[in-house]
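Participant: Here it is, the structure, as structure tokens.
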Amino acid sequence: SDRVPREKAWRAAADRQLASRSAINELWVKLMKVRGQIPQANGLPNFLEYKWRELLRFDYSPADSETFQRAIENVAVPAATRLYHKMRDRLAAKTLRPWDLDLDLYPISFPPLKPYASIEELLDKPSAIFHHVDPQLGDYYDILRREKLIDPSNYKGKAPGAYCTEYTVQKRPFVFLNSVGVRDDVRTLLHECGHAFHVFETNHLPYIHQLQVTMEFAEVASMGMELLAGPYLSKQNGGFYSEAEATHDRIDHLERIILFWPYMAVVDAFQHWVYTHIDEAADARNCDQKWAELWRRFIPGVDWSGLEDSMITGWHRKQHIHRAPFYYVEYGLAQLGAVQVWRNALQDQAGAVKNYRHALSLGATVALPELYKAAGAKFAFDAQTLGEAVDLIESQITHLEKN
């Protein structure tokens, strides 16, 4: 909570990242060469067209993705800027600096919550939470616990990150994560269990191809579960927090949703530019310039003055750009779908969860717009739909803050 050592720590990390700048740029040149050859070998005009097919994006176009970017600029960016200003005022600071943020994006939340004291506690409490959301979902979670299908501990040599995978013959999911006693561990477990519930709900489908749900909806299952479980995280409901802590956690979660959309737009717009200007993008200096242009366009609420080298190389620190090109807009679209599921639950939880589970059970047997519709949502890119979601989130934050 002391800003001076926080800045010192941030600068130390930034200096280490910049020390690898040349090496990353050299690797980037090699990637661009290969990614420029791939579409030519497949008779396609550019790598964007190639990846659109490879990622099975049959229900929307690159133009739709660009429409979503503009909607975010018009609707989510002003809301995110208001949140950054609120954090600045809370810190009594002249401007909000990168060391006031987590991952250069989310305002650091004080005081830090410590939701559990042991791995057993982390694993035990979600059962009550999920049973509050829906009895069947609670039963699914109990199967995960009983059959030891969750690996939550952090230990030497364990890979970073979190995911849910599927054993299709056994018809069981498996959840992997690294838990170290912080609030994000709870949120991550809820998220990955949403994916696990998707597996359970699709076990009735006979063909493996019907299980290959693309990320645009698979992430609705996980992000939707984060929001559906949100009201039940207090100890009163068998969860982790006091009432005040639970409210604090929900506000932080909702704020992060708004703040994520502009960052997603930066990553997505950057990749659209890269792969339609691949010769220009092979020069890392041009990438730095484009990233800076997009960062200033979508994230104007943070002061990077004097730190320009770190700001313009932000694309170095987003692994998707390097390892899984074009895989990122899915999160933004799915988050919009998840908010719509949550909106429905605020009015009729039983009905919303019923629709959510039905949509999960469809697997990949219908197109994305139909999956969203089954879940009570709209597969959308427009400013009006996004604006309704942002308005709802902001109103809920205001309500929670009053309490």
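The values are calculated or read from the model by the stated rules, or taken from the named source; none is laboratory data. This one's a predicted model, so the numbers in the text were calculated from it and none came from an experiment. FYI the Cβ positions are ideal-geometry reconstructions off the backbone, even for glycines, and counts take in every protein chain you see. Areas reflect the complete protein model, heavy atoms only, side chains present, ligands, DNA and RNA absent. Shrake-Rupley method; radii C 1.70, N 1.55, O 1.52, S 1.80 Å.
Participant: Given the range 3-67 reduced to its alpha-carbon atoms as identical point scatterers, what log10 I(q)/I(0) does the Debye formula return at q = 0.27 Å⁻¹?
Facilitator: Debye curve over Cα of the range 3-67, log10 I(q)/I(0) at q = 0.27 Å⁻¹: -1.08.
Participant: A further question follows. With an 8 Å Cα cut-off and a minimum separation of 6 or more residues, compute the relative contact order for the chain in percent.
Facilitator: 23 percent
Participant: Another question, if that's okay. If you bin every alpha carbon distance in the range 34-90 into 5 Å steps from zero, what whole percent lands in each bin?
Facilitator: Over the range 34-90, the share of Cα pairs per 5 Å bin runs 4, 16, 16, 13, 13, 10, 9, 8, 7, 4, 1 percent.
Participant: Here's a follow-up. Within a Cβ distance under 12 Å of Thr385, other residues only, what is the Lys/Arg minus Asp/Glu net charge? Let's see the in-between values first.
Facilitator: Numbers: positive: Arg343, Lys378; negative: Asp382, Glu388, Asp391.
Surrounding charge for Thr385 is -1.
Participant: Give me the net charge of Thr214's neighbourhood, meaning all other residues with Cβ under 14 Å from the Cβ of Thr214; Lys, Arg count +1, Asp, Glu -1.
Facilitator: On the way: positive: Lys51, Arg53, Arg57; negative: Glu54, Asp59, Glu216, Glu219, Glu330, Glu370.
In short, -3.
Participant: Semi-axes of the equivalent ellipsoid for the range 70-136, please: Cα gyration tensor eigenvalues, times 5, square-rooted, ordered largest first, whole Å.
Facilitator: Rounded to whole Å, the semi-axes are 34, 20, 10.
Participant: Please report, in debye to the nearest 20, how large the charge dipole of the chain is about its Cα centre when each Lys and Arg carries +1 at its beta carbon and each Asp and Glu carries -1 there.
Facilitator: With Lys and Arg at +1 and Asp and Glu at -1, about 680 debye.
Participant: For the range 90-249, what does the relative contact order come out to in percent, with C-alpha contacts under 8 Å and a separation of six or more? Please list the in-between numbers first.
Facilitator: Numbers: 191 pairs, mean separation 35.3, N = 160.
Across the range 90-249, relative contact order equals 22 percent.
Participant: Continuing with the same structure: What FRET efficiency do you get for Val366 and Tyr163 if R0 is 30 Å and r is their Cβ-Cβ distance, rounded to the nearest 0.05?
Facilitator: Numbers: r = 25 Å, r/R0 = 0.83.
After rounding to 0.05, the efficiency reads 0.75.
Participant: Now for a separate question. Counting Lys +1, Arg +1, Asp -1, Glu -1, what net charge surrounds Leu18 among other residues with beta carbon under 14 Å of its beta carbon? Write down the numbers at each step before the final one.
Facilitator: Values: positive: Arg11, Arg16, Arg21, Arg317; negative: Asp15, Asp104, Asp288, Glu308, Asp309.
Residues close to Leu18 contribute a combined charge of -1.
Participant: For the range 192-314, would you read off the P(r) tail past 20 Å as a percentage of all alpha carbon pairs?
Facilitator: Of all Cα-Cα pairs in the range 192-314, 64 percent lie more than 20 Å apart.
Participant: Would you mind telling me the antiparallel percentage of the DSSP bridges in the chain, rounded to 5?
Facilitator: Among the beta bridges of the chain, antiparallel pairing accounts for roughly 65 percent.
Participant: For a quick size check, give me the Cα extents of the range 1-134 along its three principal axes, largest first, whole Å.
Facilitator: On the principal axes, the range 1-134 reaches 55, 47, 37 Å in Cα extent.
Participant: While we're looking at this one, here's another question. Return the ratio Rg/(2.2 N^0.38 Å) for the range 255-308, where Rg is computed over Cα atoms only.
Facilitator: That ratio works out to 1.22.
Participant: I would also like to ask the following. Past the 32 Å Cα-Cα mark, which pairs from Lys114/Lys318; Lys8/Lys86; Lys125/Lys402; Lys94/Lys235; Lys51/Lys86; Lys125/Lys354?
Facilitator: On the way: Lys114/Lys318 28 Å; Lys8/Lys86 23 Å; Lys125/Lys402 27 Å; Lys94/Lys235 38 Å; Lys51/Lys86 39 Å; Lys125/Lys354 23 Å.
Exceeds cut-off: Lys94/Lys235; Lys51/Lys86.
Participant: Regarding the range 95-134, what whole-number volume in Å³ per residue does the convex hull of its Cα atoms give?
Facilitator: So the per-residue Cα hull volume is 125 Å³.
Participant: Still on this structure, please answer the following. Please give me, ordered by residue number, the trypsin sites (Lys or Arg not before Pro) of the range 130-176 that lie in loop per DSSP and have at most 10 other Cβ atoms within 10 Å. Spell out each step's value before the answer.
Facilitator: Working: sites: Arg145, Arg146, Lys148, Lys156, Lys158, Lys171; in loops: Lys148, Lys156, Lys158, Lys171.
Counting only loop positions with at most 10 other Cβ atoms within 10 Å, the trypsin sites (Lys or Arg not before Pro) in the range 130-176 are Lys148, Lys156.
Participant: With each label point set 7 Å from Cα along the Cα-Cβ vector, what nm distance links Ala41 and His204?
Facilitator: Taking the two extended label points, one gets 4.3 nm.
Participant: What three numbers, in Å, describe the spread of the alpha carbons of the range 282-386 along their principal axes, ordered from the longest?
Facilitator: 52, 29, 20
Participant: Please give the length that would be gained between Asn74 and Leu31 if that part of the chain were fully extended, namely 0.36 nm times their separation in residues minus their C-alpha to C-alpha distance (nm, one decimal).
Facilitator: Extending this stretch completely gives an extra 12.2 nm.
Participant: Let me ask something else. Hey, if you drop one equal point scatterer on each alpha-carbon of the chain and run the Debye formula without solvent, what base-10 log of I(q)/I(0) do you get at q = 0.09, 0.13, 0.15 Å⁻¹?
Facilitator: Relative scattering, expressed as log10 I(q)/I(0), comes to -0.57, -1.25, -1.62.
Participant: Now, a different point. Once label points are set 7 Å from the Cα along Cα→Cβ at both Lys8 and Leu346, what is their separation, rounded to one decimal in nm?
Facilitator: According to this spin-label approximation, the distance is 4.4 nm.
Participant: Still on this structure, I have one more. What span do the alpha-carbon atoms of the range 75-189 cover on each of the three principal axes, reported in whole Å from largest to smallest?
Facilitator: 56, 35, 27
Participant: Tell me the Kirkwood hydrodynamic radius of the range 321-361 in angstroms, computed as one over the mean inverse distance between distinct C-alpha pairs. Before the final figure, lay out each step's value.
Facilitator: Details: mean 1/r = 0.0862 Å⁻¹.
Radius from the Kirkwood sum: 11.6 Å.
Participant: Report the charge-dipole magnitude of the range 171-286 in Debye, nearest 20, computed about the Cα centre from +1 at each Lys and Arg Cβ and -1 at each Asp and Glu Cβ.
Facilitator: About 440 debye.
Participant: Compute a Gaussian network model of the chain, connecting alpha carbons closer than 10 Å, and tell me which residue from Ala367, Ala244, Ala229 fluctuates the most.
Facilitator: Judging by the Gaussian network model, the answer is Ala244.
Participant: Oh, and also: Measuring from label point to label point, each 7 Å out along Cα→Cβ, what is the Leu103 to Lys318 span in nm?
Facilitator: For Leu103 paired with Lys318, the spin-label model returns 1.2 nm.
Participant: Okay, next question. Ignoring any ligand, DNA or RNA, what whole percent of the accessible area of the chain comes from carbon and sulfur when the probe is 1.4 angstrom?
Facilitator: 52 percent
Participant: What size of dipole, in debye to the nearest 20, comes out for the range 312-380 about its Cα centre when the only charges are +1 on Lys and Arg C-beta atoms and -1 on Asp and Glu C-beta atoms? Could the numbers behind the result be given before it?
Facilitator: On the way: 8 positive and 3 negative charges, 34 e Å.
Computed charge dipole of the range 312-380: roughly 160 debye.
Participant: When the helices in the chain are scored as -39500 (n - 2.57) per DSSP H run of 4 or longer and the sum is shared across all residues, what 222 nm value do you end up with, to the nearest 500 deg cm²/dmol?
Facilitator: The per-residue figure over the chain is -20500 deg cm²/dmol.
Participant: Could you give the length gained by full extension between Ala63 and Arg297, i.e. 0.36 nm per residue of separation minus their alpha carbon distance, to one decimal place?
Facilitator: Value of the extension gain: 82.3 nm.
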